[in-house]
Structures are given as C-alpha cells and as structure tokens.
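Taking it in order: structure first as structure tokens, then the write-up.
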Amino acid sequence: MEIDALRQRLKEIVGEDYVLSSSVDLMLYGYDAYLEMSRPDVVVIPENTEQVSQIVRLACEEGIPVTARGSATSLSGGPVPLKGGIVIHFSRMNRILEIDTVNKRARVEPGVITLDLQTAVAKKGLQYAPDPASQKTSTMGGNVGENSGGPHCLKYGVTTNHTMGLKIVLYDGEVVDTGGKAPDRPGYDLTGLLVGSEGTLGIVTEITVRLIEQPEAIKTLLGIFETIEDASNTVSAIIAEGIVPATLEMMDRLVIKAVEESVHAGYPQDAEAVLIIELDGLKDGMERISDRIIKICLANKVREVKVAKDEAERNTLWTGRRGAFGAVSRLRPNYMVCDGTVPRTKLPEVLRKVTEIGREYNLPIGNVFHAGDGNLHPLILFDCRDEEETARVREAGTKILRLCVDAGGTISGEHGIGLEKLHEMSFIFSQDDIAAMWKLKNAFDPVGGFNPGKVLPPLAS
Amino acid sequence: MNIVQLKKLQYEEVAKCTRCGFCLPNCPTYAVRRNEASTPRGRNAITRAVIEGRLELSADLAEAIFTCLGCGACTKACFPAVNTKDLVFSDRSCLTEVHANPKIFEKLSEALNEYHNISEDDNEDRAEWQEYLKDVPGEFLEKDHADIVYFVGCVASFFPMAQKIPADFATIMYHAGLDFTILGGDEWCCGFPLIGAGMPEKVTELKNHNVEKLKSVGAKKAVFSCPSCLHTWKHLYDTDIELLHASQLLRDLVSQNKLDLKPLELKVTYHDPCDLGRNTGVFEEPREVIKSIPGIELVELPNNRNMSVCCGGGGNVEMVAPDLSAAIAQRKIEEILSTGANTVISSCQQCLRTIVTSARRQNIELNAMDLTQLVMKSLSQK
C-alpha cells in the first residue's frame, strides 16, 4: 500500500487530526530516553480499543510494523520504531475507567500516567504499589510493557505482581481479555506473559490492577556512609535479619553531588554513599524495627542516620532520588544506565569492579540503585556527540552487564531489553532458550508486525 | 539568527536534554494537544535536530515552535534545568530569518514600528484610561519630574477590559502620597511581543527610546503592573533604575501602614503569572497584600508558585493558535473553580484578559480581578 493511501485509511479510523506524518512529527516519534533513534512512517493517536483494533488489522493486512508508545521515558529503546511503520501513541487513551474500592481493583487505559492513578486511589485510602522513578510522567501501558519496578518493589513486587488482567489487541486486530478483577484465573497466564513483553506480543488497551491499603505509618531514614562497602554491607545485614523495608535505595558520591546541585535534597556532599531506608506498615512495632535498623547501620560504621521528620522532609529525600538520572546530566549531557541485577551479597564486589571498569575506560560512573533488590543502575556519563567516547560507553556497558551475569545476576532488573541489550541476551540464554521464546513470539505474532527488532535477538542460522 | 549562531548559542543547552520526559506533565500545550510536537522534550529535539542538520529550518517547524507559551514550567520540572523557553525563542528567530514564521508577526512588527503600541491606536491615546479616574487630578499624572515612573504597558493602556487596572493603581499611589508620573504618549511598547515573535533585534529602538524617556524624568524607580514589561526591562534593558512590580510596591505600602484597608468578605485564590512568579521570582508579595486585607480568605490553587500553570495567554500563542490558547484557559478556569473560591486574583492584565474572555465565552460565572483592583475595592469600603 502506498504511504499516502495508508495515511488516508488511518485518518478514516481515528480522524484527520490524529494522524501525523510531517517530517517533524516523524522525527519526534523516533526516540525514547535511550540513544538510538529511528523514524516511523506514520503516527496515530487513537481514542479507544476499537480504533486500535482497526489500526492493527490494517497493519496486519498490509504487512506494516506497529509500535506502541506511551510517554517514551523508556531507557532501552522500547518504543523506537526500528523498522518504521505505524507508531500508536496512547496519549488520548488516558482515562481511569473504574476504581473499585471494595474489591480493591482499578481499571485504566494504557495512557494513564502512573502518578495520576496513584493520586486518584490515594484519595480513597488505597495505593497502587509500583513506583518507577519516572512515575510522574510514565504511563501504565509503558509500565506493563516494561514490567516496571521502582524503589518500593523490594517489598511489594513489580508491575506483574499487581496486574490482574489485560485487554489486548492481537496481531490480526482481534480483541481478547486475559483476566479481570478475580484472582487466580485458570488457564494459561496470558496476563503474566504479556507484562514485560515490550509490545512484541500484543497491544494492551486496558489494564486491571490490584490496589492495596495505604500503610498506616511510614518512616523514612537516611543512612550516611563513609564507604560504599559499609552501605552495601548494611543492606545485606538488614535483609539477613529478616527485615523487609519498603525500600532500600543507594546513591554514591557522584550522584549525591549531582542531585544536591539540582534539588537540594539534603544529602551530605562529602559522603561516599547514602541509603534511603523506608519502612511502612502498622504503627505498632515500627519504632522497634527502626531501632533495629539503626543498630545495624551503626554496626556497619554508619556516620549518621537522619530520620525524616515529616511528609515534606520525606518528599524532599524522594525528589532527590527520583531525579537522580536527570540530575547527572548536569555533569555530562548523556548517561547510559546499566540495569543489571546481582545477588545482594555480591554488591560490594560488583560495585568495586564497576569502578574499575570506569577507570579502565576513562569514564565517570555514578551509582544510584535499588540496593535491596541487588538491582544496580551504574550511570555511565558521556557526551553522545563524541563518537569515540560513545563507543567506549557501549563497550563498558556490555562489560558491566557481563560482570553482573558472572556474579550470578542478570542483564535487566526493570528497564527491559528493547534494542539496547539484544546482544547481551546471549549472556543468560542459550540459543535453544531463545528459540523457545521465538516460538512463543511467532505464535502470538505470526506476521512479525509487533515492535520488530526488540527483545529477542535473531537466531544464528 | 542563523543556524551557525543557533549552534553557538544553544547547542550546549539543548545537549543537556536527555529526553527523560519529566517535562511532559508540566506542559500546558501537551495537556491539550496530546502529541510530541507539543512537548518541551519535542521542542528541544527539534532544536537539536536543526543544529545537527537532521531537520530543515522550514515552515514545518513553525507549528511546534510557535505554540510554546514560554511559561517556563518545563524548566522547573527538569533536573538539568534545560531552558526550553530560550531555545524556542532562538528557534523563532531562526524561522523569522528564513521567512518561515507566521505572517501575523510581520504585521505586528510593522504596527509596532508605526504606532509604538500593539493595538495600532494613536500612541497619544495611551492615557485614555484616565477617564476611569475619579479623584486624581489629571495634571498629577503627567509631570516632567517624579521619583517614580509608572510604566503602564500596552494592554492596560488600550484594552478597555484592562483599563481599570492603571486607574486603580494610580489612585492608590496618589492617596498614598507617592510622587509618580506616567510617560503618556512617550511610553512605547517595551518590546516583549517581539521577543515571542522571534524578532529580538527589533526591540533595540523601543528600548533605547524608553530608557531615554525614563532618564529624562529623573526617576529613581520604575513600577510596572504588567509582569511581562517588567520582565523585559529586567532582562533586556540595561538601566540602573530600581524596577518594581505593582505588587511589590503595594506590599511596601501595606508594611508602612500607608493603606487604610477595610474588610472584604471574600474567598479568593491567586494565580501566579508566569512572568511575575516563575520567571521573575515574585511569589510572596502579592500574597502578603491579599492576606493583609481583613476578612479575606486565600486558598491556593493546586498548582501554585513555581508550579503555576500558564493561563494560555503567554508566548504570543493566542495570535497563532487561538483554539489552543482558549483550551488552556479553560483548564485554568477548571483549576480555579476546583478551589471553591468565588474570585481569582492575579497580578497580570494579560492573564486576567485570557481567563475572563474564556469564562465569558463559556458562560462560566467567575469573578476575576487584578491585585490593584482588589486593594482599591478594600480601600473604597465604607
């Protein structure tokens, strides 16, 4: 089909105003927060499932790729339309369809901003637990696609643990429901399969999530350490003692400095590491647990433990953490984040080796990460306008992920594979493993139209 | 400006944008248009692509670049603090250079050149608002020498809806015993609309004229009821005269007990104008003035101070995309109504004009007044 004819058909589906195809628009829908860019042939902004179904059916008939996109905050290239085709932008499908306070469920469209859902349910005394750092701008559809985590996933789990059901548009435009409000649905767990599939198996147009009670009490501590090792040992010791805080977040000196210059979160600039330890739950017993944590910190040579006195102080501490990625770009224009995961006990060793890699490649590396989960986020700082430096960054990134795998970990905690880590998939999966995944992909997407070039590397022939 | 100059001036700034998207929820234009071209991130990406030669400087860019409100809310949400407003204004200047700018701005520029005001009226009629004055002797307003010059601005001078603002402000200053004057027909447009139009070089003539006139009066201070005039003077004019906003002067009068404020039973909210609040840093003075009036209850908007949402009247957007401007104003009105206040106070005639016009078109009952009008109302109570 000629491109103009395609655009015309799409206009008939979603209306003239919601089909974009100027050279400017195509450039603007070719990126996310990762380095690589591409270019779609056309962008559509549908307003309901029926329109999405028609778009996908048309694309299937014409053999045109389809890539879904929310706020494009992703860090591994998920919404970058590698093979062109149609980008579906979910910015208009942003309605919260239902908040069922009795059954503690919410039903939303994929374009709903994560924080908007959290704010809406909070007014009813409830909580949607996953809290990616980008929650004020990330979409629920994007969170489902990437199986997003966040600081609180230490205690509450990631997006998949809170997703009860999905409405999905299959490759030929057929619409199916994979679950709903009821728990423990029999049959194959298609919901579980779709969450984290990065738009390669189907397009999600409705999401039913689990809500939980808001905790009765929250307590946030800031542990200030002279060495990363002490902070890492503290993390291991807290978990080993059987305490599960809501969060255990670590930042190193470089990140602390960048954050302080940006938002004045109150982190001491001469410390080597800080830990944000948050407890939530019942008021009763919280003081006791907090005292135990402080003792563990002291046993691990903490310099000081600060306690957030009120909601405002708590917010300030978190504003700093959530803005850490953005803040480092005050130091250098770009960062690459290596989303590797390692067993917690390996943290000190792996962090030491990360520092060595930084030295070897002559690149500044900052660390801000979900320490409780052993989910590292080394931020390699650079300027992508320098091609030689960028090449070094890619090599160093691969080496860090190799390091994580060798330590018994894996290549992604929550940012997805996208197009960034196709090569690294071979670090953790054999050709047979990947072939098995390709069978699944082909079953869902026999025409290969959904987000081609992502997640699965091509099989060696 | 050409691409070489754009690169020199803005490449480092735009390179700081990591496309994280944290600016998206803060941009009023994205809230309405829902496409990437209406996001600060998208506008940054356009700037960068132009500099790097990946995108041609053409009229295709005009829609995205000329619909930025210049409100600066994105920069406040941005951890590396990318100054998208400045990038966009530079882009506008580049588009103007290659004649890919909206034609309406060429007309604006010609009009300013000929009339020295934005409403294409005889500039000698600048003091028309004096008809609203009741008990201030006319000659008091146009003295050759005074301590303070009140720079009225085009909108308050020529638009009937806004003319009560200078009348009330002048009355207040008169009764407070201040030695002030206006420039009358010698006041020329400050040049602010030309910056938003991408013609910053054309400000020079207006600037030189205004600075010269101010000097000739021998004033120590200039006071502005228009935040955008004040912002332009502060950032583009080189003068050592003290520059104040009306709300700051009113606050000083309040703290010196020079105003006999009487009770008003009103529940009000306050809209921070972008150019006064976020872009100049004046947040507390207007609030202090409001709170000093007995009987008034001030409730804050959900988004206030640095996070205040533009009324829709910024960046000359009204001239190129009136539908967008109106839709943004509509959202502002909804935010105002959500506070339960029956009156919205602002310190900018342009914000008020945008809000009131939109409310009227939709038959929404909303009291809106400038801070100076609120003070006048309190002073006039028996």
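The values are calculated or read from the model by the stated rules, or taken from the named source; none is laboratory data. This structure is a prediction, so every number in the text was calculated from the model and none was measured. All Cβ positions, even for glycine, are placed from backbone atoms using ideal geometry, and neighbour counts span all protein chains on display.
Here are the numbers for this structure:
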read-out: Residue ranges of helices (runs of 4 or more DSSP H) in the stretch A:220-302 with at least 3 members modelled with pLDDT under 95; value: A:228-240, A:253-263
read-out: Sole residue being more than 17 Å from A:GLY416 (Cβ to Cβ) and surrounded by fewer than 18 Cβ atoms within 10 Å (Cβ to Cβ), chosen from A:PRO151, A:PRO183; value: A:PRO183
read-out: Filtered residues of the stretch A:371-414 (kept if within 18 Å of A:PHE427 (Cβ to Cβ) and hydroxyl-bearing (Ser, Thr, Tyr)); value: A:THR398, A:THR410, A:SER412
read-out: Scope the stretch A:383-419; condition closer than 19 Å to A:VAL354 by Cβ, in a loop (DSSP other than H, G, I, E, B), more than 14 Å from chain B (Cβ to nearest Cβ) and under 22 Å from the mean Cα position of the chain (by Cα); matching residues; value: A:GLY408, A:GLY409, A:ILE411, A:SER412, A:GLY413, A:GLU414
read-out: Residue within the stretch B:108-116 that is surrounded by 16 or more Cβ atoms within 10 Å (Cβ to Cβ), touching a residue at least 24 places away in the same chain (Cβ under 8 Å) and either assigned by TED's automatic domain parsing to the domain that holds B:THR354 or within 30 Å of B:ASP252 (Cα to Cα) (or both) present; value: no
read-out: Every residue from the stretch A:73-94 that is out of contact with any Gly (no Cβ under 7 Å at 6 or more places or on another chain), in a loop (DSSP other than H, G, I, E, B) and either of a type in the set (A, V, I, L, M) or in the same structural domain as A:GLY145 (by TED's automatic domain parsing) (or both); value: A:LEU75
read-out: Unique match (being more than 17 Å from the chain's Cα centre (by Cα) and buried (at least 21 other Cβ atoms within 10 Å of the Cβ)) among A:LYS104, A:LYS124, A:LYS167; value: A:LYS167
read-out: Positions within the stretch A:82-106 being more than 22 Å from A:THR208 (Cα to Cα) and away from chain B (no Cβ under 13 Å), in sequence order; value: A:LEU82, A:LYS83, A:GLY84, A:GLY85, A:ILE86
read-out: Within the stretch B:160-183, tally of residues that are in contact with a Ser or Thr (Cβ under 7 Å, 6 or more places away or on another chain) and either outside any helix (DSSP H, G or I) or among the aliphatic types (A, V, I, L, M) (or both); value: 2
read-out: Filter result for A:THR227 (polar (S, T, N, Q) and within 19 Å of A:VAL108 (Cβ to Cβ)); value: no
read-out: Residues that are under 25 Å from the mean Cα position of the chain (by Cα), within 10 Å of chain A (Cβ to nearest Cβ) and among the polar types (S, T, N, Q), drawn from the stretch B:27-86; value: B:SER38, B:THR39
read-out: Residues located in the stretch A:1-31, provided they are within 14 Å of chain B (Cβ to nearest Cβ), charged (D, E, K, R) and either surrounded by fewer than 20 Cβ atoms within 10 Å (Cβ to Cβ) or touching a residue at least 60 places away in the same chain (Cβ under 8 Å) (or both); value: A:GLU16, A:ASP17
read-out: Qualifying position, being free of Cβ contacts under 8 Å to residues at least 12 places away in the same chain and within 14 Å of another protein chain (Cβ to nearest Cβ), among A:THR114, A:THR119; value: A:THR119
read-out: Boolean, A:LEU75 is buried (at least 24 other Cβ atoms within 10 Å of the Cβ), touching a residue at least 12 places away in the same chain (Cβ under 8 Å), within 10 Å of another protein chain (Cβ to nearest Cβ) and hydrophobic (A, V, I, L, M, F, W, C); value: yes
